[in-house]
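In what follows, a single structure is set out as structure tokens and then discussed.
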Amino acid sequence: MEVAWRMRSADLHAVSKAWGVVRAHDRAMASTVFVPASRLDTEATRAARDGALEIAPLVIGFAPFALVIGATVAASAHEGPGFAASWLVYGGSAQLALQRTLESGGAALAVVAALLINTRLAVYSASLAAQWSGQPRWFRISAAPLIVDPVWAVAERHAATSTDLRTQRAHYFGAALTLFVAWSVLIGVGVVAGNQLSGVGLEVAAPLCLVALVGPKLKDPRTRIVVFASAAVAVLGRGLPAGTSILAAIACGIAVGVAMDTAATRRSES
């Protein structure tokens with residue numbers, strides 16, 4: 001009888017302990033916040049839409065430049081390679097230099113000129129890499145070919161205000177793919193329109209868009225010094241081979257920025 005009672009007590013103790021574990025698990029589950037997959041999809045869709053809307057004014061601003069490139073392709077003897085460059089080069093100034101150099105200097109020189117002009121994209125990539133350190137590798141690899149001036153500006157501004165990695169990816173692809181598709185379509189329109197666009201003076205639109213991108217950053221005095229120093233070097237070196245002045249301007253901007261940061265650090269330490 002005593003043995004049976006002890007066995008029953010042990011069983012009751014085991015049941016009580018198991019019940020306590022179940023209750024603790026229920027409390028933990030109740031305190032856990034689950035985000036439905038549909039909500040995550042909605043937030044990603046909203047972020048992609050916001051990215052497309054944010055870059056839309058820049059697409060409109062760069063549209064004349066794309067039309068000029070298309071007209072240049074139509075007027076050249078290398079129409080096929082020139083149109084394909086809108087995907088392979090994906091950079092307005094580099095593509096225009098490539099197309100024009102093909103006519104005078106040959107394919108090798110054209111490729112070198114395009115690469116030199118697009119070296120600025122390495123600086124853009126480095127700045128985004130610091131903000132995308134937590135992003136998966138597949139995103140960084142697939143996002144890199146789509147980095148150009150307006151996409152970089154939009155992505156950097158959004159990454160500085162949003163810490164959610166999924167939202168950052170959706171916003172970036174919404175902006176980058178919108179520009180990529182619109183750019184390719186507009187170049188195609190320029191190819192079809194051809195000589196009808198000559199003499200319109202659309203080339204001025206792209207520099208104005210770049211001024212609009214840089215303008216808000218000029219509120220910082222140190223940024224103004226870097227921008228003006230780089231611009232001065234670019235203007236003084238405009239007679240150099242294609243792309244060389246851009247390399248010199250980038251180097252000057254980096255040197256001035258590093259010098260000012262070093263001076264500020266020394267002042268704070270003294």
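The values are calculated or read from the model by the stated rules, or taken from the named source; none is laboratory data. No experiment lies behind these values; they were computed from the predicted model shown. Every residue, glycine as well, gets a Cβ built from its backbone with ideal geometry; the counts of neighbours run over all protein chains shown.
Suppose we filter Ser142, Ser125 for residues that are modelled with pLDDT of 80 or more and in contact with a helix residue (DSSP H, G or I) (Cβ under 7 Å, 6 or more places away or on another chain); which single one remains?
Residue meeting the stated conditions: Ser125.
In summary, helices (runs of 4 or more DSSP H) completely within the stretch 97-173 and bearing 3 or more residues that are under 21 Å from Arg46 (Cα atoms) occur at 137-143, 149-161.
Scanning the stretch 156-166 for residues that are more than 14 Å from Ser133 (Cα to Cα) and under 14 Å from the mean Cα position of the chain (by Cα) returns Arg157, His158.
Scanning the stretch 213-247 for residues being under 23 Å from the mean Cα position of the chain (by Cα) and either β-branched (Val, Ile, Thr) or modelled with pLDDT of 80 or more (or both) gives a total of 8.
Could you tell me which residue of the stretch 41-83 is modelled with the lowest pLDDT, considering only residues that are under 18 Å from the mean Cα position of the chain (by Cα) and among the small types (Gly, Ala, Ser)? Once the filter is applied, the top-ranked residue is Gly61.
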